[in-house]
Amino acid sequence: MNILGFPRIGEKRELKKALESFWSKKTSEEELLKVAKSLRTLHWSYQKNFPFVVVNDFSLYDNMLDLSYMLGAIPKRFANLNGLELYFAMARGNGSNVACEMTKWFNTNYHFVVPELSKNDIYQVNAEKIANEYNEAKSLGYNPKISLIGLFTYLGLAKTNDDSDKEYIFPKLKAAYLELIKKLTTLGEEITIEFHEPIFVKGQNPFFSKIKEVYNAIAELGIRVIVSTYFEASNEATKILVETDIEGLGLDFIYGENNLTSLKLIADAGKKLYAGLIDGRNIWVANLDSKLNILDRISIIVPKDLIHISTSCSLLHVPFSKDSETKLDSEILSWLSFAKEKIGELELLESLFRHGITESNKDLYKQNQEVNATRKNSNKIHDIKVQQRTQSLQVTTRTKSFKERIKIQRQELGYPNLATTTIGSFPQTVELRTLRQKYKKGEIDTNTYENGIKDYIKDCIAFQEEVGLDVLVHGEPERNDMVEYFGEQMKGFVFSQNGWVQSYGSRCVKPPIIYGDTSRPNAMTVRWSSFAQSLSKKIVKGMLTGPVTILNWSFVRDDLPRHEVCKQLSLCIADEISDLQNAGIKIIQVDEAAFKEGYPLRKENIKEYETWALECFKISSSVAKPSTQIHTHMCYSEFNDIMKTIEAMDADVISIETARSGNELLKIFKQVGYANEVGPGVYDIHSPRIPSADEMYKQIKLLLEVLPKEQLWINPDCGLKTRKWEEVKPSLNNMINAVKKVRSEI
Ligand code: GLN
Ligand code: ZN
């Protein structure tokens with residue numbers, strides 16, 4: 001049995017709290033490290049029946065950042081710092097030094113800190129973090145397995161600062177990486193390291209020719225090497241890995257069924273197979289019968305004693321445990337399995353696989369079969385009306401072309417060039433959170449709650465008018481989360497109380513659970529948008545989350561194809577757009593922050609996803625009249641390979657994340673001749689730093705080198721909900737001043 005990692009944020013988000021308290025200087029480093037240690041101790045205790053407990057899956061912020069730190073791959077601007085100060089500065093920025101970029105970990109909603117490498121780097125290796133955790137586990141009597149991001153994945157996801165090419169950096173980085181491993185060999189007799197190489201699932205890359213030399217060199221140091229891939233099949237890399245001196249391979253059989261075609265290679269090479277069969281990314285109770293079937297297929301080819309049943313990836317991507325869920329419908333709850341429960345499933349599957357049905361496993365096995373049978377047949381998940389509506393659905397396009405629409409919109413809406421706006425949310429203050437919580441708990445009545453929300457909206461509109469933004473927003477005070485808010489108002493969704501999953505650093509999300517057919521009984525946002533609009537002569541944007549994002553940020557039922565679930569969602573959003581425009585809302589933003597992360601990792605599967613995801617966005621947005629301006633927002637996306645699809649989405653305005661990557665991103669829009677309007681983020685909201693007017697002025701000038709003023713909007717790079725008013729007010733003020741200065745010059 002094997003897991004690739006356990007969630008580290010803590011059952012009650014203890015790590016989040018400890019981090020935030022440390023960052024705000026309320027607690028000491030020592031106190032933070034104490035919490036971290038107690039979390040590791042607890043998490044290992046769940047793995048006590050496993051041959052190994054995982055070490056170094058823990059992180060105070062992110063594992064990629066940990067590795068950069070351990071290799072001493074430190075961007076120059078942080079060179080004068082050290083210790084935790086350095087570590088958190090790279091993650092969050094400090095003073096005038098911007099943080100390292102963050103981006104999504106493959107097709108998940110987890111963000112890692114992107115390594116910044118340069119040909120002039122001098123690496124200084126430090127293995128202390130791993131050594132500490134290793135010794136900690138040892139002293140508790142466990143047998144540790146070190147989890148480490150593989151060199152190829154690390155380098156593959158890194159960016160280079162100064163056009164240095166990765167080929168050039170490789171030998172030096174490899175040397176540092178090997179030095180790190182060498183240091184680990186001193187920790188004990190037989191060190192096992194599981195190398196995470198998810199990059200291999202993307203197929204061939206220029207570094208494939210180096211896989212052999214690297215993993216042989218590592219094995220030669222006396223390390224027992226497991227190389228694991230996940231989120232897709234990795235047959236190309238497997239072909240090479242079986243010829244190296246590694247001990248085993250970890251393969252994902254949930255999202256990478258094609259891995260089954262590699263079994264013979266593995267068996268012939270006599271390698272151990274860590275078979276990823278328990279879904280590390282979704283939350284449904286495993287169907288153990290179907291797992292046993294796959295295991296039967298596998299064990300025809302691979303000897304049973306070489307098979308180790310494993311999770312498909314780290315459990316980082318699922319919530320901690322369903323122990324504390326007291327409010328969920330008990331039937332639906334019985335269908336769920338979070339990290340802790342998955343460990344139980346692994347143990348049960350292991351026992352069934354090795355020993356068949358026995359006295360000690362027969363009850364649990366029967367229970368598993370029953371849960372799967374009731375879920376399949378439950379009338380909770382089927383809604384005939386929804387099914388009929390999606391079946392008769394025609395995919396639609398907006399009635400007029402962008403050229404015609406934008407003329408009408410410019411006339412009707414009258415906004416200036418370089419129009420300023422925000423992405424939607426404003427700071428979620430403690431008072432605001434308390435207000436929502438009290439209402440949820442029934443401690444205050446609807447009136448008090450709604451007055452509180454209205455007050456926030458009033459203040460928010462007043463501030464935006466005062467600072468001089470062109471297109472306003474209501475600030476999203478009623479939403480704790482951009483997906484949860486919608487899911488809560490739709491049928492077919494349930495919400496856990498405590499099902500937190502780490503998104504980045506201390507930030508967690510609580511993904512909704514789509515368990516059945518979805519529909520929208522009532523308007524979801526019209527009231528607040530109309531109220532906000534009634535307060536101002538300026539245009540207030542309506543704010544929705546798009547169907548693809550709702551899908552990609554939810555735990556999705558696995559009994560219906562994803563595109564069918566998405567279609568149902570796109571009809572819900574279409575209905576909402578229709579209600580908003582009927583209520584007089586003239587600009588509607590449909591956030592598709594997670595459009596990109598749903599992309600399949602392998603080229604051959606992309607077309608299919610693009611087709612249905614695009615269709616779903618259009619089913620929603622084509623309800624808009626030509627005069628209704630549709631905005632969309634996408635964050636942390638690399639647009640290079642999806643430009644055609646972005647274009648085909650045909651949003652009138654798209655706002656994107658660029659603040660951390662200069663105007664590189666925009667150049668791609670230019671290259672493909674993107675004609676619709678674009679709002680590239682001019683400042684990074686993921687850091688508490690307040691950008692100066694001068695800095696944003698320069699940024700805007702850079703943008704103008706690429707696209708004409710008529711096509712550009714000016715906005716922050718994402719919603720402001722995680723920031724404080726003290727940061728937002730001066731930042732937006734500076735942004736407006738920067739725009740004014742630019743306008744005065746052109
Ligand atoms: N409208 C949302 C907000 O401002 C968008 C956030 C996002 O895309 N991540 O919070
Ligand atoms: Zn965003």
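If I filter the range 85-92 for residues that are crowded, with 20+ Cβ neighbours inside 10 Å, modelled with pLDDT of 95 or more and among the aromatic types (Phe, Trp, Tyr), do I get at least one hit? Yes. Of the residues making up the range 591-625, those that are in a loop (DSSP other than H, G, I, E, B), modelled with pLDDT of 95 or more and either on the phi > 0 side of the Ramachandran plot or more than 14 Å from ligand 2 (Cβ to nearest atom) (or both) number 4.
Of ILE700, ILE668, ILE736, ILE690, all but one fail to be of a type in the set (A, V, I, L, M), farther than 24 Å from THR545 by Cβ, more than 16 Å from ligand 2 (Cβ to nearest atom) and in a loop (DSSP other than H, G, I, E, B); the exception is ILE690.
When the residues of the range 626-646 are filtered to those that are buried (at least 19 other Cβ atoms within 10 Å of the Cβ) and farther than 15 Å from GLY546 by Cβ, which remaining residue is farthest from ligand 2 (Cβ to nearest atom)? Checking each candidate, the answer is THR628.
Among the residues in the range 449-466, are any within 13 Å of ligand 1 (Cβ to nearest atom), surrounded by 16 or more Cβ atoms within 10 Å (Cβ to Cβ) and modelled with pLDDT of 95 or more? Yes: the range 449-466 contains one or more residues that are within 13 Å of ligand 1 (Cβ to nearest atom), surrounded by 16 or more Cβ atoms within 10 Å (Cβ to Cβ) and modelled with pLDDT of 95 or more. Being surrounded by fewer than 23 Cβ atoms within 10 Å (Cβ to Cβ) and under 25 Å from ASP323 (Cβ atoms) holds for only one residue in SER96, SER45, and it is SER45. Scanning the range 347-368 for residues that are in a helix (DSSP H, G or I) and among the hydrophobic types (A, V, I, L, M, F, W, C) returns LEU348, LEU349, LEU352, PHE353, LEU364.
When PHE617, PHE669 are screened for being of a type in the set (Phe, Trp, Tyr) and within 15 Å of ligand 1 (Cβ to nearest atom), only PHE617 passes.
Under 6 Å between Cβ atoms, which residue pairs at least 6 apart in sequence (or on different chains) link something in the range 470-485 that is touching a residue at least 60 places away in the same chain (Cβ under 8 Å) and among the aliphatic types (A, V, I, L, M) with a partner that is within 16 Å of ligand 2 (Cβ to nearest atom) and in a loop (DSSP other than H, G, I, E, B)? Qualifying pairs under 6 Å: VAL471/THR421; VAL471/LYS541; VAL473/THR422; VAL473/GLY424; VAL473/LYS541; VAL483/TRP553.
Annotation note: of GLU705, GLU726, GLU710, GLU677, the sole residue that is without any contact (Cβ under 8 Å) to a residue 40 or more places away in the chain and either away from ligand 1 (no atom under 16 Å from the Cβ) or out of contact with any helix residue (DSSP H, G or I) (no Cβ under 6 Å at 6 or more places or on another chain) (or both) is GLU726. I'd like the residue in the range 133-166 that is surrounded by fewer than 16 Cβ atoms within 10 Å (Cβ to Cβ) and polar (S, T, N, Q) and, out of all such residues, is farthest from the chain's Cα centre (by Cα). So, considering only residues that are surrounded by fewer than 16 Cβ atoms within 10 Å (Cβ to Cβ) and polar (S, T, N, Q), the one farthest from the chain's Cα centre (by Cα) is SER139. The set of residues in the range 402-438 that are within 21 Å of CYS616 (Cβ to Cβ) and either outside any loop (DSSP other than H, G, I, E, B) or more than 16 Å from ligand 1 (Cβ to nearest atom) (or both) comprises PHE402, ARG405. Here the condition is being over 30 Å from ARG527 (Cβ atoms) and either part of a strand (DSSP E or B) or touching a strand residue (DSSP E or B) at 6+ places or on another chain (Cβ under 9 Å) (or both); of GLU695, GLU638, it holds for GLU638 alone.
Among the helices (runs of 4 or more DSSP H) confined to the range 110-189, the ones with at least 2 residues that are among the hydrophobic types (A, V, I, L, M, F, W, C) and closer than 26 Å to VAL98 by Cβ are located at 151-157, 166-185.
Scoring LYS729 on the criteria (1) away from ligand 2 (no atom under 16 Å from the Cβ); (2) out of contact with any Gly (no Cβ under 9 Å at 6 or more places or on another chain); (3) within 30 Å of VAL395 (Cβ to Cβ) leaves a single failure, condition (3). Only residues that are in a loop (DSSP other than H, G, I, E, B) and surrounded by 24 or more Cβ atoms within 10 Å (Cβ to Cβ) were counted across the range 555-587, and they come to 0.
The values are calculated or read from the model by the stated rules, or taken from the named source; none is laboratory data. Keep in mind that this is a model prediction, so the values were computed, not measured. Note that we place each Cβ from the backbone using ideal geometry, even for glycine, and neighbour counts take in every protein chain shown.
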